[in-house]
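The block underneath contains the structure these notes are about, expressed in structure tokens.
The values are calculated or read from the model by the stated rules, or taken from the named source; none is laboratory data. Values in this document were obtained by computation on a predicted structure and should not be read as measured data. Cβ coordinates were reconstructed from backbone atoms using ideal geometry, including for glycine residues, and neighbour counts include every protein chain displayed. Areas reflect the complete protein model, heavy atoms only, side chains present, ligands, DNA and RNA absent. Shrake-Rupley method; radii C 1.70, N 1.55, O 1.52, S 1.80 Å.
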Amino acid sequence: MFYYTLDKKLLISKEKYHELISISEHEAEKYKGMIYALNKLSPEYSRRSFSVSHENFLFLKEENLNLLVNPKNSNISVPKWIKIAIDNNRVTSLNTLYPNWRDVLTYIKPTKWRINVVGLGDIGGTLLAGLKLLGVNNIDSLGLYDKEPNLIERYNYELGQILSPDMKEHPIDIISLKKEDIFDCDMLVFCVSVVGKETVDVHLAQFEGNAKIMGYYATLARTNKFKGILAIVSDPVDLLCKKAFIESNKDSDGNKDFYGLAPEQIREYGLGVMHARACYYASKQDATKHYVNEGRAFGPHGEGLVIADSITNYNELLSDALTYSTKTANLKVQSTGYKPYIAPALSSGTLPILATINSKWHYSATFIGGNFMGCKNRLLPSGTELETLDLNEALLSKLNSTYKLLSEFM
């Protein structure tokens, strides 16, 4: 193994980097900060950086759904001090085939976040109210933008008038944004949608219109050299994430150069409500009550969703029934004559976003081998850590089918 220093950071690698300053292992072992494990993988199918949770993930040959499988044994020999660093979440995998890979070395996760929200409809407005109520300790400001100026003005008034009775001043600044200020933030939450009515397959129906808007904002993110997180809440979330990644990484001639948004900068927020819906239906019968403690949700917010009733004792029949109930839950709300947006805005938007900035486990989709796949994960200072599990063979087969489905759209 080779050891290097760059920008006062420790880098390790299995192959030699002639342009870097080499040091001895004895010198490297004394380092107490973040360690960066260098890799060379195709940017089209791998992340620029992520948190290494096991030594098997230090120097990957490729990224696929095996990243969700708990490694049984170590297939790589590494010094004990590196294993300790991994256990302490101090190791980041860094892909040097990204032209801007050095940006990862200087990025610092915010302590108080500046969050801008684009799209102040039912979802965006409800999400904002939740962030204003619950984000006091971790949010510095909430920026508002919509194509309708009256909506910006409305939510500036409304959010500015939400105040706990034990507070004398507002701990979160509410800011009305102009278009040129949208990317002046740590996280941009995308809640724009051109389709108003939700149907059983709305997620695909929405894609054509929302993809055009997403393409515009992705290009704008590239132009602004945005370093923060693009959080996508609009449907279909998983496909819009991929659209953002592809479009932001094209040059003016339409060629991919990977100078745009890195995969780890793009996160989907749609799976949280599917887990919440699964919990709701699981609680209705004794046979599935265990889902709350043992189950998991995977995949997209729509077709391809996989609800596993239990990770420890997977039952395919119970899981399939829960998946169906969860996928069609929106129709139950529609049957009352109302649009289902409150639970999605809070369970997929507000609460997982707060968990993200607090480095807590939550449901969202992140980049895995070319697709944005929903699963439990958390954002650490070392990068995104995926939850690894002992997955049943039948369940893993379902997840691979979902992964293949996502691959076919773009």
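Summary of values
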item	result
Subset of segment 146-180 that is open to solvent by less than 30 Å² (accessible area, probe 1.4 Å) and not in a loop (DSSP other than H, G, I, E, B) - its residue that is farthest from Ala231 (Cα to Cα)	Gly160
Pick from segment 323-343, criterion surrounded by fewer than 18 Cβ atoms within 10 Å (Cβ to Cβ), among the β-branched types (Val, Ile, Thr) and free of Cβ contacts under 8 Å to residues at least 60 places away in the same chain, ranking: nearest to Leu120 (Cα to Cα)	Val333
Candidates Leu230, Leu240, Leu261 - the one that is surrounded by 23 or more Cβ atoms within 10 Å (Cβ to Cβ), in a loop (DSSP other than H, G, I, E, B) and within 15 Å of the chain's Cα centre (by Cα)	Leu261
So Leu346, is it assigned to a helix (DSSP H, G or I), open to solvent by 20 Å² or more (accessible area, probe 1.4 Å) and touching a Ser or Thr at 6+ places or on another chain (Cβ under 6 Å)	no
Top-ranked residue in segment 244-255 [being under 20 Å from Ser193 (Cα atoms) and surrounded by fewer than 24 Cβ atoms within 10 Å (Cβ to Cβ); ranked as nearest to the chain's Cα centre (by Cα)]	Ile246
Residues (modelled with pLDDT under 95 and open to solvent by less than 30 Å² (accessible area, probe 1.4 Å)) located in segment 37-77	Pro71
Any hit, segment 291-312, residues being of a type in the set (Lys, Arg), open to solvent by 60 Å² or more (accessible area, probe 1.4 Å) and either out of contact with any Pro (no Cβ under 8 Å at 6 or more places or on another chain) or touching a residue at least 12 places away in the same chain (Cβ under 8 Å) (or both)	no
Boolean, Ala218 is among the small types (Gly, Ala, Ser), open to solvent by less than 50 Å² (accessible area, probe 1.4 Å), at pLDDT 95 or above and assigned to a strand (DSSP E or B)	no
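Residue by residue, here is whether (1) on the phi < 0 side of the Ramachandran plot; (2) within 19 Å of the chain's Cα centre (by Cα); (3) modelled with pLDDT of 95 or more; (4) in a helix (DSSP H, G or I) holds:
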| site | (1), (2), (3), (4) |
| --- | --- |
| Asn293 | yes, no, yes, yes |
| Leu318 | yes, no, yes, yes |
| Ser325 | yes, no, yes, yes |
| Thr336 | yes, no, yes, no |
| Ser359 | no, yes, yes, no |
| Leu395 | yes, no, yes, yes |
| Glu408 | yes, no, no, yes |
